[in-house]
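Here the structure is laid out as structure tokens; the discussion comes afterwards.
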Amino acid sequence: MTAPAVVQGGLATEAPARKRRSRGLQKFLRNRSAVVGAVLVLAFVLLAILAPLVTPQDPLQTSFTAIRKAPSAAHWLGTDDLGRDIYTRLAYGARASLMAGVISVAIALAVGVPFGLIAGYYGGLVDGAISRATEAMLAIPFLILAIALAAFLGPSLSNAMIAIGLSAMPIFIRLTRGQVLSVKTEDYVEGAHSIGLPHRWIIIRYILPNVLPPLIVQATLTIATAIIAEASLSFLGLGQQPPSPSWGSMLNTAKNFMSQAPWMSVFPGGAIFLVVLGFNLLGDGLRDALDPRES
Amino acid sequence: MTRIILRRLMVAVPTIILVSMLVFALQKLLPGDPVLAMAGEERDPAVLEYLRDKYRLNDPIPVQYVAWIGQVVQGDFGISLRTDAPVTELIAQKLPVTIQLAAMAMVFALLIGIPAGIIAAVRKGTTVDYAANVFALSGLSIPNFWLGIMLILLVSVEWRLLPASGYVSPSQDLWLSLKTMLMPSFVLGNALAATLMRHTRSAMLGVLRSDYIRTARAKGLLGPAVVLKHAFRNALVPIVTLVTLLFGELLAGAVLTEQVFTIPGFGKLIVDAVFNRDYAVVQGVVLCTAIGFIVMNLLADVLYILINPRLRYPS
């Protein structure tokens, strides 16, 4: 992109950008595994949204006549130790899992990207301070940091999301900073400087859009990690609290009835596996579609 | 080379200090009064005041930090509020268990991940490559605690082949110890095998395209010799560093694996401490993990320089 594109603002860059976008979409659609990933994710999103419509029961409704029943026509995936329908709880649990995945990554992005932009753009002391703090956070393994934070905040689904989001934040600071460093030296940024645009405007209008693609890929893959992390925290008792359903907390109860009621552990875990697989496939596909080097 | 290594070491020191501040701050953010938890039923203000004094909780926070870090430097992480045992002793007790688990998991990861990556790269685009990729992606997507539960169901409950849980020290009964650890270490190693496979594959693909591989083939060397002696050696550089960096993931994964298989290790220690509000233990464990991770990072850097001669001289 050359100087005129900068002077005319977005207009001149719009047409090639649209062409690039549709080429990316084509590449994405040709990638069979990415489409499988998208379908898997979409299926679970629909299940979560439509949970009240597609499930026969109340997720909290206990029944003493239907305790630990194997899968049947009445209970497709069986019932749990309190006679609650597992399929229903799975559908409502999808809400907790997907929400945890998306919201915690949104937190990580909302906090991490501005820090990364500032560190990369301004450099110097600010960069030094932010980078050292990022390194310190990255030195604590992701899940251990999340467990410690969740414990300190107190066990609940929203605290688990905050804990996971904060633990994932350093990844985004580092990624954004690195991207900014490479974009900063481009001609169009220099052009923006030369016509006297304010720093804030350059960061938001010229740098941010150009560092977005790798961030989108990383965010998609981090949703997968965050869903597993939420399930792990709930499994340990630090996430969603009973009786509200979450896949991790369902597994936490299920492990006490492993041999008597194996279906209690098979299905929630299978659901985690499928949705995480979906996000991983989607992220890999997006990487191939958005990476200009891969043609 | 020594100079580069020394410089890396100098960078690691402020990181460790920052981590220690972070870990210390975490505790201060904790809701609830540790003194009330310690005192139990006791609510006598004099007793509470005595406890606050004893654990220096009345001092300003920076003073508390300096006192704490002064002890930590001497290897003293304080006393567990729950069991009254020194935290250092608890960590020293549990660490070997987790090291055994992690080491066995790493063996699994290397034995599965590296050959699978090499074969996938050599047979790029074939069914074998496709199968290896599906395996890797599944490995990355399966929550390891669920895999653990499923394996216990199948191997221990259904087939009655291996013990479902517990821990036996190798000094007590080596064979039984290995048998008990087999399933947990496979569960823990599985995700690492997937990561290793993907990196081995892409590193091998990069190397297999290079000129010297074409030369090796052109002068008539046999396939396996080219792949293992010429290509794999050069692909090894990123893999070696990756293995050291995966250490953190192993420790984090161990938390859940130990929970599922009721193994009394490092991971179980932190979970129990979290639920017991045993701050000193949480602090000690998190700080130890972070220092271990930083040391492994340093080791990765050094190994990187050792096996890649191009990096030995600062540019």
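When residue A:241 is tested against (1) out of contact with any Asp or Glu (no Cβ under 8 Å at 6 or more places or on another chain); (2) touching a residue at least 40 places away in the same chain (Cβ under 8 Å); (3) surrounded by 24 or more Cβ atoms within 10 Å (Cβ to Cβ); (4) of a type outside the set (Gly, Ala, Ser), only condition (3) is not met. Within region A:111-132, being of a type in the set (Gly, Ala, Ser) and in contact (Cβ under 8 Å) with a residue 12 or more places away in the chain holds for A:112, A:116, A:119, A:120, A:131. Annotation for region A:79-86: at least one member residue is modelled with pLDDT of 80 or more, within 23 Å of residue A:157 (Cβ to Cβ) and assigned to a helix (DSSP H, G or I).
Exactly one residue out of A:143, A:138, A:157, A:149 is within 11 Å of chain B (Cβ to nearest Cβ) and under 16 Å from the mean Cα position of the chain (by Cα), and it is A:143. Of the helices (runs of 4 or more DSSP H) entirely within region B:180-284, those holding at least 1 residues that are without any contact (Cβ under 8 Å) to a residue 24 or more places away in the chain and surrounded by fewer than 16 Cβ atoms within 10 Å (Cβ to Cβ) occupy B:211-218, B:233-245, B:266-275.
Let me confirm something: among B:91, B:99, B:61, which residue is loosely packed, with under 13 Cβ neighbours inside 10 Å and in contact with a Phe, Trp or Tyr (Cβ under 9 Å, 6 or more places away or on another chain)?
B:61
In this structure, is residue A:130 under 19 Å from residue B:268 (Cα atoms) and part of a helix (DSSP H, G or I)? Considered against the rule, which asks whether it is under 19 Å from residue B:268 (Cα atoms) and part of a helix (DSSP H, G or I), residue A:130 comes out as no.
Among the numbered conditions (1) part of a helix (DSSP H, G or I); (2) away from chain A (no Cβ under 12 Å), the only one that residue B:140 does not meet is (2).
Residues in region B:145-179 that are in a helix (DSSP H, G or I) and among the acidic types (Asp, Glu): 1 in all.
Checking each residue in region B:3-22 for being among the charged types (D, E, K, R) and either surrounded by 14 or more Cβ atoms within 10 Å (Cβ to Cβ) or within 13 Å of another protein chain (Cβ to nearest Cβ) (or both) picks out only B:8.
Based on what the data block shows, is residue A:100 away from chain B (no Cβ under 14 Å) and either touching a Cys at 6+ places or on another chain (Cβ under 9 Å) or touching a residue at least 12 places away in the same chain (Cβ under 8 Å) (or both)?
In short, no.
Set side by side, the residues B:113, B:125, B:139 differ, and just one is among the small types (Gly, Ala, Ser) and either surrounded by fewer than 20 Cβ atoms within 10 Å (Cβ to Cβ) or in contact with an Asp or Glu (Cβ under 8 Å, 6 or more places away or on another chain) (or both), which is B:125.
The values are calculated or read from the model by the stated rules, or taken from the named source; none is laboratory data. Only a predicted model underlies this, so the values are computations on that prediction, with no experimental measurement involved. Ideal geometry is used to build each Cβ from the backbone, glycine not excepted, and the neighbour counts take in all protein chains shown.
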